[in-house]
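The values are calculated or read from the model by the stated rules, or taken from the named source; none is laboratory data. Not measured: the values here are computed from a predicted model. FYI the Cβ positions are ideal-geometry reconstructions off the backbone, even for glycines, and counts take in every protein chain you see.
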Amino acid sequence: MIDMCIDVHPLAVVDSKAKLSEGVVVGPGSFIGPEVEIGAKTIIGPNVVIDGRVRMGPLNKVFPGACIGLEPQDLKYQGAPTEVIIGEKNVFRECVTVNKATNEGEQTRIGDRSLLMAYTHIAHGCDIGNEVVIANSVQVAGEVVIEDQAVIGGSLGIHQFVHVGALAMVGGMTRVDRDVPPYCLVEGHPGRIRGLNRVGIRRRGLANENPQEFNQLNEIWNLIFRSGHVFKRSLDLAKEQTLLKASKELCSFLEASIGNGRRGPMPFINPESR
């Protein structure tokens with residue numbers, strides 16, 4: 001469905017059943033499939049493929065060579081009509097790939113205002129939150145969850161089913177094969193927790209705007225990772241306190257990570273001990 005307010009280059013192919021909202025721009029050589037819905041003022045660059053059941057919100061920007069909504073690279077896929085759901089104001093840089101989910105009723109989801117840099121791959125069934133930054137050449141395997149405001153450094157892989165918590169920072173070339181707790185900084189091969197993501201926390205205003213919450217987070221983090229207690233005992237001691245939002249999120253994430261079939265959290269390695 002194309003109206004006069006949409007700018008489709010003559011060398012682009014847009015299926016007549018696709019739904020493009022007002023102000024959408026489609027560059028030369030791009031292909032938009034019949035089940036695609038694209039929100040207002042989204043810019044689709046040259047040689048982009050968007051196909052399958054894709055719902056994309058407004059004000060996104062897709063750079064050349066990106067492929068969104070194609071079949072998952074999963075041997076279990078049997079042709080189910082799964083979806084890719086994308087929010088608003090995201091940036092997909094050159095040659096980003098986002099695959100749809102594998103099984104009936106599942107979705108691959110990307111929230112709002114995230115930046116996926118060149119050659120990033122988002123596999124089947126992933127759930128990417130809001131304001132996430134994923135640097136160049138990051139390969140995100142299937143069923144991975146990356147929560148709001150996390151930053152993923154370049155040239156690394158994230159193992160299937162891993163969860164990365166909110167406001168976590170993953171250093172470049174880290175091997176991410178276990179869960180990354182929120183507010184934490186991890187790096188290494190294999191990846192290890194190195195401390196709190198203090199730079200990211202400050203940039204998001206938590207340290208200045210909510211010093212009591214930040215101070216408690218620092219105390220709870222030290223209790224869990226540096227007290228010498230058995231992990232579960234540390235969490236039990238933390239929960240005896242009245243936890244503010246950040247500390248509660250950290251403890252809840254860790255409890256979930258050690259149960260329910262999850263991969264478990266990365267261990268902490270004190271940089272001063274190396």
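So the values come out like this:
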read-out	value
The one condition in (1) in contact with a helix residue (DSSP H, G or I) (Cβ under 6 Å, 6 or more places away or on another chain); (2) in a loop (DSSP other than H, G, I, E, B); (3) among the aliphatic types (A, V, I, L, M); (4) over 19 Å from Met266 (Cβ atoms) that Ala207 fails to fulfil	(2)
Condition check for Lys76: under 29 Å from Ala141 (Cα atoms), of a type in the set (D, E, K, R), crowded, with 20+ Cβ neighbours inside 10 Å and out of contact with any helix residue (DSSP H, G or I) (no Cβ under 8 Å at 6 or more places or on another chain)	no
All positions within the stretch 51-82 that are more than 11 Å from His124 (Cβ to Cβ) and of a type in the set (Asp, Glu)	Asp51
Residue in the stretch 1-20 that is surrounded by the most Cβ atoms within 10 Å (Cβ to Cβ), counting only those that are aliphatic (A, V, I, L, M) and modelled with pLDDT under 95	Ile2
Any hit, the stretch 130-141, residues being over 23 Å from Asn60 (Cβ atoms) and either touching a residue at least 40 places away in the same chain (Cβ under 8 Å) or in a loop (DSSP other than H, G, I, E, B) (or both)	yes
Residue in the stretch 220-243 that is farthest from Glu131 (Cα to Cα), counting only those that are free of Cβ contacts under 8 Å to residues at least 12 places away in the same chain and either assigned to a helix (DSSP H, G or I) or in contact with a strand residue (DSSP E or B) (Cβ under 7 Å, 6 or more places away or on another chain) (or both)	Arg233
Failed item in (1) surrounded by 21 or more Cβ atoms within 10 Å (Cβ to Cβ); (2) free of Cβ contacts under 8 Å to residues at least 60 places away in the same chain; (3) under 11 Å from the mean Cα position of the chain (by Cα), with Thr174 passing the rest	(3)
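Condition check ((1) touching a residue at least 60 places away in the same chain (Cβ under 8 Å); (2) of a type in the set (A, V, I, L, M, F, W, C); (3) outside the structural domain of Val96 (by TED's automatic domain parsing); (4) within 24 Å of Gly79 (Cβ to Cβ)) across all residues:
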position: Ala12; (1), (2), (3), (4): no, yes, no, no
position: Ala18; (1), (2), (3), (4): no, yes, no, yes
position: Val24; (1), (2), (3), (4): no, yes, no, no
position: Pro28; (1), (2), (3), (4): no, no, no, no
position: Val36; (1), (2), (3), (4): no, yes, no, yes
position: Lys41; (1), (2), (3), (4): no, no, no, no
position: Pro46; (1), (2), (3), (4): no, no, no, no
position: Asp51; (1), (2), (3), (4): no, no, no, yes
position: Met56; (1), (2), (3), (4): no, yes, no, yes
